[in-house]
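Worksheet for the structure shown next.
Every number here is computed from the coordinates shown, using simple stated rules; none is lab data. All values reported here derive from a predicted model rather than from experimental measurement. When we count neighbours, we look across all protein chains shown, and the Cβ atoms used for this are built from the backbone with ideal geometry, even at glycine.
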Amino acid sequence: VDMQLWVSTDFDTVPTTPFGIPLPGLFPLQAAVDCVKEVHTFLIPLVDIFGADLNGNPRMACDDIIWFAAHANLICTDEESDFAEIHCAPAWANGTHFIPQPDEDWSMYNYVQVLCDDDCCPLDDRTECATSFAKIPENCYDAESFCFDKLGAQSKMWGFYTVLRKFGHYTFDIKMAHENIRCKQPGKDVGEVYVDYDKYGFFVRIVAKDGYYIEQDAIFLSKSIPAATFPALPFYPYQHEDLHTRLDEYSNIPVPAMRCRDAEQEAAPAEGSVEENIICPPHAKDLYFIVHAIICEGHTIEEKPIPSTLD
């Protein structure tokens, strides 16, 4: 009766509930039929999936992965009658379950991979790109990084968010995902993130290692813990796209206000806000921070010296 299809190179873009259950009604490709038919075909140009280069060709590379999920609401016919209709449960294309416990929800997804050999691939100028996240070293006492599964997200969502517990300078490693990676695996080390955090603002410098460059990056910064399904790039409040550079910076990002004061601070005047006279409870300065980037192997057109620390 009707069909829904989601196709993307970024797994995190699939529309889901806060519990990670996909929502077919929000899938970008929809179709409905007035009469019963056994086959329906979606035609999707590759440039709609990968984007286009300057020549209008799809920007795909060898080993790129296309994720997809297909859902349909079916009408089954009774085999003993040519016209008797029986409404059946919704159907999914057979694949891997979104939810590890399929008895809770049996929705499924699949993927295909771009395979190339020496003769077929006119993509010599393309490089391998992958989603990457900033992760604080484990010996940092004023900040700690956690896997997204700590948010209640499903194991499919690899990546890290960090809790910053006080003002200061921080240095993060940039970890690149690889196929079938799981959250406890750190990923490949492809760069560093330098952060300067004080009461006046937030400064971030993202630097890719030699042999890599930044295609896109985004930052999440909040006093509230991110939602379980948060890590999709379109929802980050600070973003830079089409960078093709080893260095990117964000400056003067406002720090979320704290409606309280440190114990050692003097109380506000009597006419001031009552909230501002409340002493901050433990962890009131905790800030939730995510750097999500698309990092590519290769070199930018113009290489420039990269500073290694904050100026």
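A few remarks follow.
- Potential lengthening between residue 223 and residue 73 on full extension [0.36 nm per residue; Cα-Cα distance subtracted]: 49.9 nm
- Applying a threshold of 18 Å to the alpha-carbon distances of 150/209; 135/199; 135/209; 135/188; 166/199 flags 150/209; 135/199 as lying beyond it.
- Positive minus negative residues near residue 28 (Lys, Arg vs Asp, Glu; Cβ under 15 Å): -4
- With a cut-off of 12 Å between beta carbons, the residues surrounding residue 241 carry a summed charge of -4, where Lys and Arg count +1 and Asp and Glu -1.
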